Every structure is written in structure tokens, then in C-alpha cells.
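See structure below.
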Amino acid sequence: MFRFLGSARLLLIGGALSYRALFNWTTPPMFIGTLLVGPLLQVFFFVYLGRELGVADDRFHLVGNAVLAASASCVYGGTMAVANERRYGTLGAVLLSPRHRVPLWAGRALPYVLNGLLISAFVLAAAATVLDLPVPPGAVPGLGLVLLLGAVACSAFGLALGALGLRFRDVFLVSNVASSTLLLLTGAAVPRETLPEWMRTAGELLPLTHAADAARRLTAGDGLDAGLLAAELLVGAGYAVLAVTLLALFERGSRRRATLDVM
């Protein structure tokens, strides 16, 4: 019981403290400008671009980009949660901690899940209001679940990228490439049927792909697709396992090199 409470405290309180200390966009101007206004303007850009080029309809671009809006927080936040420990010189204290690594690192991803959910919900609601594309009231609970699963999967993806910060110096370059990859391959802004087969296959392995498809079905009145939800959950679980594996692997490698240096 006490062990469980200790892990829960590490997960919740440790995650909240790391979020305040390591996330670079917590100040109101940065949070609003970068995480709320920026993704909202991206929705408008793709909606009007789609109208001009005759590519898909307004609902396609609105819902897809609203789901993708979570990536700004989840990808970069997950990266900062690990890489900034190294940048600010606190990584050694974290690695010397005797606490179990799974709640330690999962706690660092949890705030970005909530961030991503908040951002996607705000962008979807605001854009739907401005563009006069109403969301069926009966679809709201299902959309909440879809956006939550998308944020979870994307945060696990970001944490896996952040694990590279234990080995590589400029991990934010990887995050920039990953963010652009999500924009292109998940079908959030570009219809996936227009992409080459290998790109469609790669998109199946990325977070938010299945969440965007499920959200579009819900807003069109087609109901909740359990298969798409399961696929999104499976992708998120895969990246979570990858993140924990990479973190453990790089930590053991760091300890081994430190031992050799001492000898």
C-alpha cells in the first residue's frame, strides 16, 4: 500500500514539479501564443487553402488539425521533460534516484497529456464556432475520449523522442522533424489516400492518425469506431514501451561509461 502511494505521489507531484521547471512555454504569453493561437491559425490556414485548391472539405481540415494541435504540447513537451534535465544540469540527480523509473518518467509525460487534451478541445470548439461547423452534441463524449487517447499516444511518442536526449545533444532537431512528419503523414491536413503507399503505411504507425479518423467519423454523425480507438491505444502503448526501453538502455550505457572513466 505504501509503495503504491509512493509511486502515485511520484507520478502526480513529481510530474507537476517537472512540468513547472522544465516546460519552456508555461508563461501565459508563450502558452496562449504558441499552444492556443498558433494551432487555431493553422486550422484556418488549411481550411481556406483546402477551399482554394478544392482538396477535401472544411470538416476534414478543421477536425484533423484540431486533433493535431495536441502535438505542439505533447511532442515538444515530452522532449523537454527529458532533454531539459540534461540542459539544466539536473539529469544526474534524476538518474541517481532509487525510485522506480516507470512512474518517474510517466509522471513527466502526464501533464502534457492534459495539455494536449485542453489544446485540442479549445481549437476544435473555437474553430467550429468561427467557421460555423457545429459538432453534434451526442458526439461530444466520444470526442473527449478520442482526444484523450490521441494526447496519450502523442505524449508517449514525445517521451520516446525525449529519451534520445540522454544520448544526443540537439534532440530538438529530431522534434522539429517529427512534428512535420505528423503534419504530413497522419492525414490531419493531407488526405491520406493521396499519399504513396509507403507513406500511408508509415502513417498507420504514428500517433494521432487513427484519432483524427475517429474524430471525423464522430463529427459526421457516424458514431464511435472502436477499431480506430484500439489502434490509437496500441500505437500509444508501443511508443510508451519504446520510451521506457530507450530510457533504461541509455541510462545503463551512461552508468557503464562512467564506471569505465573512473577506472
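The values are calculated or read from the model by the stated rules, or taken from the named source; none is laboratory data. What you see is a predicted model; the values in this text were computed from it and never measured. Ideal geometry is used to build each Cβ from the backbone, glycine not excepted, and the neighbour counts take in all protein chains shown. Side chains included, ligands, DNA and RNA excluded: accessible areas come from the protein's heavy atoms. Shrake-Rupley method; radii C 1.70, N 1.55, O 1.52, S 1.80 Å.
Taking the numbered list (1) in contact with a His (Cβ under 9 Å, 6 or more places away or on another chain); (2) at pLDDT 90 or above in turn, residue 183 passes all entries but (1). For region 187-231, residues that are more than 29 Å from residue 164 (Cα to Cα), in a helix (DSSP H, G or I) and open to solvent by 60 Å² or more (accessible area, probe 1.4 Å) total 4.
Of the residues that sit in region 22-79 and are without any contact (Cβ under 8 Å) to a residue 60 or more places away in the chain and part of a loop (DSSP other than H, G, I, E, B), which one is nearest to the chain's Cα centre (by Cα)? Filtering first and then ranking leaves 69. Determine if region 138-149 includes at least one residue that is outside any helix (DSSP H, G or I) and under 23 Å from residue 229 (Cα atoms). No - not one qualifying residue is present in region 138-149.
Consider region 28-49 and keep the residues that are more than 21 Å from residue 75 (Cβ to Cβ) and modelled with pLDDT of 90 or more. The one that is most open to solvent (accessible area, probe 1.4 Å) is 48. None of 148, 143, 164 is open to solvent by 20 Å² or more (accessible area, probe 1.4 Å) and either over 17 Å from residue 105 (Cβ atoms) or among the polar types (S, T, N, Q) (or both) except 148. In region 190-215, the residues that are closer than 21 Å to residue 142 by Cα reach residues that are open to solvent by 40 Å² or more (accessible area, probe 1.4 Å) and in a loop (DSSP other than H, G, I, E, B) with C-beta atoms within less than 6 angstrom, at least six apart or across chains, in these pairs: 214/225. Tell me, which residue of region 156-186 that is outside any helix (DSSP H, G or I) and in contact with a helix residue (DSSP H, G or I) (Cβ under 6 Å, 6 or more places away or on another chain) is farthest from residue 55 (Cα to Cα)? The extreme case among them is 167.
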